[in-house]
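The values are calculated or read from the model by the stated rules, or taken from the named source; none is laboratory data. Predicted model, so just to flag it, every value in this text is computed and none were measured. Positions of Cβ are generated from backbone atoms using ideal geometry, with glycine treated the same way; all protein chains shown enter the neighbour counts. Each accessible area value is taken on the protein alone, full model and side chains, heavy atoms only, with ligands, DNA and RNA left out. Shrake-Rupley method; radii C 1.70, N 1.55, O 1.52, S 1.80 Å.
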Amino acid sequence: MAEAITAITAVIEPLEARLLPGGALRVGLVVPVSGVLGLVGPCAINCAVLAADEVNLAGGMLGRPVELVLVDGGRPAAQVAAEVAGLARWGAIDAVVGTHGSDVRIEVVRALAGRVPFVYAPPYEGGGHAPGVYFLGETPGRQLRPGLDLLIDRRRARRWFLLGNDYVWPRLVHGAARRHLAARDAGVVGELLVPYGTRDFSPILERLVADRPDAMLLSLVGSDLVAFNRAFAAAGLSWPRLCGALEEHGLLGIGGDATGELYGAMGYFASLGTDDSLSLGERYARRFGSTAPLLNGHGQGCYEAVLMLAALGSRAGTLAVPEVDAIADGTSIVTARGRLTLRGHGVRRQAHIGRADGLDFSIVR
């Protein structure tokens, strides 16, 4: 974490300097550096810094150097939203990018009320469209349906147990999963939503043994996802688990997995072997060194968010929301997962399915 904070200070000046007219263009970077999603923060900060560096080397955003203003998105949603709205209201930020929970996003969107553009990076539950809001992540059909189908087709997984945190993203993801499983002649034998910070999973494990599912869909996030998978392995259980928020740091926190039964569904894995992905990995290592936080989907999403904001501003000639909204569709960038183009203020791409292979992911679809 120290490396990430050190990196971001290179593109942040004191508040008095940021308020000077005609100076840098200030972008609020909302990522969690605390709470259950705190493990997302270090790589996300680094990736946003890398993108800001590259934008600045190319002449900046709207001819102005980009500075990042860090906001901890791991706190309660209302607290995060109040800080972001205050920064926008006082002119301390000109736009917002970030990766964090959908509960935080909903409150931030409401508090901003279209005052500045907001590029939201991670997978999300769909809907939520509002002036000045642009989505780069996958909705449940594009993120999780390929993984559900893979386990139904290859593992004959007909009986599913759904387990997630109790907030908007898991609730709507589970609803979409239920509908798709029913269409595939599969079904749900159990479902639980648990609060953030749950650590005693023994009652849940006992219920799993009793319900005997063929597979699980896990919509737990961050340290909760890590804690459950550690408890699951310690209990000697091993049936397939499809996760909507498992990335490289989470897999490292689990201690790796060699069962061949743990899957993640993300738009990006660091093990992608494309030229674009390898190029990002090389630039990231050059900028932050060999001991930097592992590249992962949530971090890479922040890289994309900064680039997409720059592309929107360049195309509109401004960051005023009405003008940006008018030109948003068709705006595109090239990142580690290839070309991304906004349609309906969102990117329509299928997720990759990665199977845990020790401390890495093997792309299986």
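Before moving on, here are some points about what is shown:
- Between helix 168-183 and the chain: long-axis angle, C-alpha atoms, 0 to 90°, nearest 10: 50 degrees
- Approximate spin-label separation S238-D276, in nm, with each point projected 7 Å along Cα-to-Cβ: 3.8 nm
- Here the accessible area is traced with a 1.4 Å probe on the protein chains. For region 163-212, carbon and sulfur cover 52 percent of it.
- Shape index of region 132-277: Rg/Rh, with Rg the Cα radius of gyration and Rh the Kirkwood radius from the inverse mean 1/r over Cα pairs, equals 0.95.
- Trypsin sites (Lys or Arg not before Pro) restricted to DSSP loop in region 167-212 with at most 15 other C-beta within 10 Å: R184, R199
- Coarse-grained scattering of the chain at q = 0.08, 0.11, 0.15 Å⁻¹, given as base-10 log I(q)/I(0) from a Debye sum over alpha-carbon atoms: -0.37, -0.70, -1.28
- Of interest is the spacing of the C-alpha centroids, which for region 258-283 and region 26-96 amounts to 24 Å.
- Over the Cα atoms of region 294-365, the radius of gyration divided by the Kirkwood radius equals 1.09; this is the Rg/Rh ratio.
- For region 231-365, the spread of Cα positions along the three principal axes, ordered from largest to smallest, is 57, 33, 24 Å.
- With a Förster radius of 56 Å applied to the C-beta separation of L62 and S34, the computed FRET efficiency comes to 0.95.
- Nearest-10 value in Å² for the accessible area of S238, using the 1.4 Å probe: 60 Å²
- Modelled spin-label separation between A113 and R212, with each label point placed 7 Å from Cα along the Cα-to-Cβ direction: 5.8 nm.
- Positive contributions from Lys and Arg (+1) and negative ones from Asp and Glu (-1), summed over other residues with Cβ under 12 Å from the Cβ of F135, come out at +2.
- List S219, S332, ordered by accessible area with a 1.4 Å probe, largest first: S332, S219
- Accessible surface of region 298-365, 1.4 Å probe, proportion on carbon and sulfur as whole %: 45 percent
- In this structure, A326 and Q79 have a Cβ-Cβ separation that, at R0 = 41 Å, corresponds to a calculated FRET efficiency of about 0.80.
- What region 97-141 shows is 25 Å² of accessible area per residue, with the surface traced by a 1.4 Å probe over protein heavy atoms.
- Spread of Cα-to-Cα distances over 10 Å intervals beginning at zero, given as percent, for region 72-117: 31, 62, 7
- Against the main long axis of the alpha-carbon atoms of the chain, helix 275-288 sits at an angle near 70°.
- Of all DSSP-defined beta bridges confined to the chain, some 30% are antiparallel rather than parallel.
- Given their separation in residues at 0.36 nm each and the Cα-Cα distance between them, R154 and D360 gain 72.0 nm when the chain is fully extended.
- 1.4 Å probe accessible area per residue over region 154-280, in Å²: 40 Å²
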